[in-house]
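J.: Below is the structure I would like to discuss, written out as structure tokens.
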Amino acid sequence: MKMIVGLGNIGTRYDETRHNTGFMVVDQLARDYHLGAFTHLKQEAVAVSGVIDGQKVMLVKPTTFMNDSGRAVGPLVDYYNLSLEDLVVVNDDLDMPVGKVRLKTHGASGGHNGLKSIIHALGTNKFNRIKVGIDHPKHGTVVSHVLGKFTAEERPVFDDAVETAEHALEDWIKGEDFAKLMNDYN
């Protein structure tokens with residue numbers, strides 16, 4: 001089984017905000033493959049499972065707040081005895097412009113508290129991730145920026161990035177090596 005974890009914050013207040021980029025990517029994948037509704041798991045997450053290109057896939061959204069995402073991801077990886085090669089985490093990234101997508105096989109959190117929490121819970125930083133750029137705020141605070149929505153000018157560029165991230169995930173699900181995909185998509 002392959003597990004794709006989108007990071008974000010639960011609640012309608014956070015819908016479509018920059019910080020919910022990971023949720024938006026997994027939601028799009030679930031819609032495009034008609035996987036149905038996300039249901040609650042006892043591991044502090046909602047998930048939907050299905051088969052994509054012959055591969056069993058679970059899409060996960062932690063129901064903890066972003067900064068505690070590891071509380072859901074760690075127990076899920078343990079419960080399903082999942083190899084970290086079969087895990088991808090999708091998150092927003094302030095250090096990249098809106099529309100930029102970057103794949104990584106390992107690395108530090110880059111200041112992203114959701115990734116920090118997952119690294120702590122897994123005891124390693126060696127897991128696949130797809131980062132989607134949301135840019136730094138031009139004015140205002142970082143908090144108001146990440147919890148704000150994309151502007152009308154940014155939204156089409158962001159939507160293209162969601163599509164790119166989805167294509168990368170589809171290629172990975174089909175069996176492409178994640179390190180090779182880094183060369184293709186970065």
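J.: Within segment 98-141, take every residue that is among the hydrophobic types (A, V, I, L, M, F, W, C), part of a loop (DSSP other than H, G, I, E, B) and surrounded by 15 or more Cβ atoms within 10 Å (Cβ to Cβ) and give me the one that is farthest from the chain's Cα centre (by Cα).
T.: Ranking the qualifying residues of segment 98-141, first place goes to 98.
J.: While we're on this one: For the structure I just gave you, tell me whether residue 59 is at pLDDT 95 or above, touching a Ser or Thr at 6+ places or on another chain (Cβ under 8 Å) and surrounded by fewer than 19 Cβ atoms within 10 Å (Cβ to Cβ).
T.: no
J.: Among the residues of segment 160-185, which ones are touching a Gly at 6+ places or on another chain (Cβ under 9 Å), open to solvent by 30 Å² or more (accessible area, probe 1.4 Å) and in a helix (DSSP H, G or I)?
T.: 160, 164, listed by residue number.
J.: Looking at (1) out of contact with any helix residue (DSSP H, G or I) (no Cβ under 9 Å at 6 or more places or on another chain); (2) at pLDDT 95 or above; (3) surrounded by fewer than 17 Cβ atoms within 10 Å (Cβ to Cβ), which one does residue 95 not meet, given that it meets all the others?
T.: With (1) out of contact with any helix residue (DSSP H, G or I) (no Cβ under 9 Å at 6 or more places or on another chain); (2) at pLDDT 95 or above; (3) surrounded by fewer than 17 Cβ atoms within 10 Å (Cβ to Cβ) applied to residue 95, the lone miss is (2).
J.: On to the next question. Hey, can you tell me all the residues within segment 50-83 that are touching a residue at least 24 places away in the same chain (Cβ under 8 Å) and in a strand (DSSP E or B)?
T.: Scanning segment 50-83 gives 52, 55, 56, 57, 58, 59, 60, 61, 62.
The values are calculated or read from the model by the stated rules, or taken from the named source; none is laboratory data. This structure is a prediction, so every number in the text was calculated from the model and none was measured. Cβ: placed from backbone, ideal geometry, glycine included. Neighbour counts: every protein chain shown. These area figures cover heavy atoms from the full protein model, side chains too; ligands, DNA and RNA do not enter into them. Shrake-Rupley method; radii C 1.70, N 1.55, O 1.52, S 1.80 Å.
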